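The block underneath contains the structure these notes are about, expressed in structure tokens.
The values are calculated or read from the model by the stated rules, or taken from the named source; none is laboratory data. Owing to the predicted nature of the structure, the values given are computational and were not obtained by experimental measurement. Cβ placement follows ideal geometry from the backbone for every residue including glycine, while neighbour counts extend to all protein chains displayed. SASA here: full protein model, heavy atoms, side chains in, ligands and nucleic acids out. Shrake-Rupley method; radii C 1.70, N 1.55, O 1.52, S 1.80 Å.
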Amino acid sequence: MTVRKADLERDVKSFISYAVGCMFGRYSLDEEGLSYAGGEFDASKYKSFPADEDNVIPITDEDYFDDDIVARFVEFVRTVYDEESLEDNLEFIAEALSKRDNETARQRIRRYFLNEFYTDHVRIYQKRPIYWQFDSGRQHGFKALVYMHRYDSNLVARVRTEYLHMLQRKYESEMKRLDSVIDSDVSKTEKRAAMKQKEKLQKQQSECREYDQVIAHIANQRIEIDLDDGVKVNYAKFQNIEVPQGEGKAPLKNNLLKKI
């Protein structure tokens, strides 16, 4: 028998991973063990904490969606424990993840999902991830998780139209708001902050526009996967994408899913 030394950070990350599994329906709070790993998906098995309906959970650097991964995680913690201890539990989790002095608990948890969760997931599953991350690139313009075992040929198109395009509209709206701040009588400090935020959003929007070409190219193909082929074979179908750019132009090359 092997006895592992207690490791709070590892245990908290395992709890977060389990929470994501419950979000996708891999696990259920209402039954022990694995609840779903392929076949007919039965939403009625998840009464205490409903599984995500469309198998797409966005990850953003700001609070752009009501049901993004941070909101769903907060709801999971609330469900598993209770409302009264929610803030204490979130603080405990954030501290275990080495929260910065200037961060709130939710900000640290968001940063973990944005920058670290997928790396941990890929490492634990030895480069055979069961959750797949759509990822537009270094600017964090667009990210979303899906569960491989709930994949269908319409999933990529759904990610594109219902999440990527919606986020792009939110970026446009936020940049217009920032323009109003920049043109108003606020302090120079506030104007500089608004200009910096707008510059960041412009980079994210540009990245999203390029990524949209890649995701559209794959969505139109309605790619099927076979779970029996394993993760490596199926994941490769969404890597090293080449999108034609017209006569005389080099194709756009990118990955649909985060490179592993």
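Here are the numbers for the structure shown:
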item	result
Exposure rank, largest accessible area first [SER28, SER44; 1.4 Å]	SER44, SER28
Nearest-10 value in Å² for the accessible area of HIS165, using the 1.4 Å probe	50
Protein accessible area in the chain, 1.4 Å probe - carbon and sulfur %	46
Within straight-line cross-link reach of LYS258, aspartates and glutamates at Cα separation under 16 Å, skipping those fewer than 8 residues along the same chain	GLU116, ASP120, ASP135, GLU207, GLU210, ASP212, GLU242
Point-charge dipole on Cβ atoms (K/R +1, D/E -1) for the chain, about Cα centre, debye to 20	1280
Residue-normalised accessible area of the chain, expressed per residue, 1.4 Å probe, Å²	55
30 Å Cα-Cα reach of LYS191 towards lysines, excluding residues that sit fewer than 8 places from it in its own chain	LYS99, LYS143, LYS170, LYS176, LYS200, LYS203
Local net charge near GLY39, Cβ-Cβ under 15 Å (Lys/Arg +1, Asp/Glu -1)	-2
Computed [θ] at 222 nm, deg cm²/dmol, the chain (DSSP H ≥ 4; -39,500 (n - 2.57); rounded to nearest 500)	-15000 deg cm²/dmol
At least 20 Å along the helix axis (C-alpha) and Kyte average at least 1.0, DSSP helices within the chain	none
